[in-house]
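Please read the structure below before turning to the comments.
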Amino acid sequence: MGAATEENNYREINIEFLAKGGDEGFDIFYKTDDYGTTKFIKFASTERKHQEKIMRILEEGADQEYYIHEDDLFKYYKYATNSLKAVMANPNVPLQEKTEKIYEVSKGVMKEFFENNVSEKILESSEEVMEMMEDCMSSAEAGFHGIAAITSKDYYTYTHSVNVGLYCMTFGLKRGMTKNDTRQLALGGMLHDVGKSKIDHALINKNGKLTDEEFEQIKVHAAEGGKIISGMGCFAGNVVRMAAEHHEKFKGGGYPLGKIGDEIHLHARICKIMDVYDALTTRRSYKKALGAFDTLIIMKKQMAHDFDPDLMQDFIRLMGPDL
């Protein structure tokens, strides 16, 4: 059965995540280029009668890209998270592979939200994914070095979001925060920039310095992020406040409300440190990535008033041999 349609209606998927089967069915396609016309041809579905086809592809390691229609994204991510649970439960799968797979799914969720204007509903997948990552990292004591090994070194809003979530999580684990607080911290870190979905993409991705007017437009994302997460009605208040307050500064002068010190939620103060740390240690088109040591020197000496000094000191201490 053929399917000729606009290419942006289809999404490339990792077929490995469909190996376990599931309750909801959807079609899987491959792409052809027929006389300059892109077509998506149905290859199989996720129905059990097609499982042999999928398993054969996985066993042979065929170098073929597979796609789903965008309408089935929610079903795909449900499959992906169920598949991750099976990977997590398998003692024969190395920790590095587990964390890489969880990172891939997290990155995919955030990319769909930021770049393809998918419904906010997709963000609900974040909670399960980050819970699995927290289980993974807490059992391994991998530390910040372990996170740095799997994160993207190039800056995109969607990779930055996942990176900040992982750094927040690691900080919570290392600092001995409760399991619930650590998971909320991780989730809030991953969702801290969701308000950027309301800002013009060209402005978000601009190379070089923003004008004063452009910066005022960008600043709206903090308040918008708080509204989005609050409006979804499924996330805790501290997650909402991480989105709304991660640009407040400890000594004042931040935005959107100019809060000071303990007026800023603890989780938002932690998120601010991780947000800046990841931004400085990843590549942008107009700047090189800085190393961990140089980044911490800049944060400690040139940006000291921005951060809670006790949390900043904890972060430096907990980085330890990872510097």
- Note on the structure: All conditions in (1) in contact with a Ser or Thr (Cβ under 6 Å, 6 or more places away or on another chain); (2) of a type outside the set (Ser, Thr, Tyr); (3) crowded, with 16+ Cβ neighbours inside 10 Å are true of residue 207 except (3)
- Kindly state which strands (runs of 3 or more DSSP E) lie completely within segment 5-100 and contain at least 3 residues that are in contact (Cβ under 8 Å) with a residue 24 or more places away in the chain and surrounded by 17 or more Cβ atoms within 10 Å (Cβ to Cβ). 10-13, 27-34, 66-69
- Message: Tally up the residues in segment 266-285 that are surrounded by fewer than 23 Cβ atoms within 10 Å (Cβ to Cβ), over 16 Å from the mean Cα position of the chain (by Cα) and under 17 Å from residue 221 (Cβ atoms), please.
- Response: 0
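For every residue, the table says whether it meets (1) assigned to a helix (DSSP H, G or I); (2) at pLDDT below 95.
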{"site": "183", "(1), (2)": "yes, yes"}
{"site": "188", "(1), (2)": "yes, no"}
{"site": "206", "(1), (2)": "no, yes"}
{"site": "227", "(1), (2)": "yes, no"}
{"site": "230", "(1), (2)": "yes, no"}
{"site": "234", "(1), (2)": "no, yes"}
- Looking only at segment 210-258, count how many residues are over 23 Å from the mean Cα position of the chain (by Cα), closer than 24 Å to residue 169 by Cα and of a type in the set (Lys, Arg). 1
- Determine, yes or no, whether residue 310 is among the charged types (D, E, K, R) and farther than 22 Å from residue 222 by Cβ. yes
- Note on the structure: Pairs returned, first residue in segment 272-287 that is on the phi < 0 side of the Ramachandran plot and hydroxyl-bearing (Ser, Thr, Tyr), second residue that is modelled with pLDDT of 90 or more and not in a helix (DSSP H, G or I), beta-carbon separation under 8 angstrom, 6 or more apart or interchain, are 281/289; 281/290; 281/291; 282/289
- Message: If I filter segment 161-208 down to residues being among the acidic types (Asp, Glu) and within 19 Å of the chain's Cα centre (by Cα), which single residue comes out as nearest to residue 276 (Cα to Cα)?
- Response: 193
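The values are calculated or read from the model by the stated rules, or taken from the named source; none is laboratory data. Note that the coordinates shown come from a computational prediction; the quantities given were computed from them, not determined experimentally. Here the Cβ is made from the backbone with ideal geometry for all residues, glycine too, and neighbour counts use every protein chain on show.
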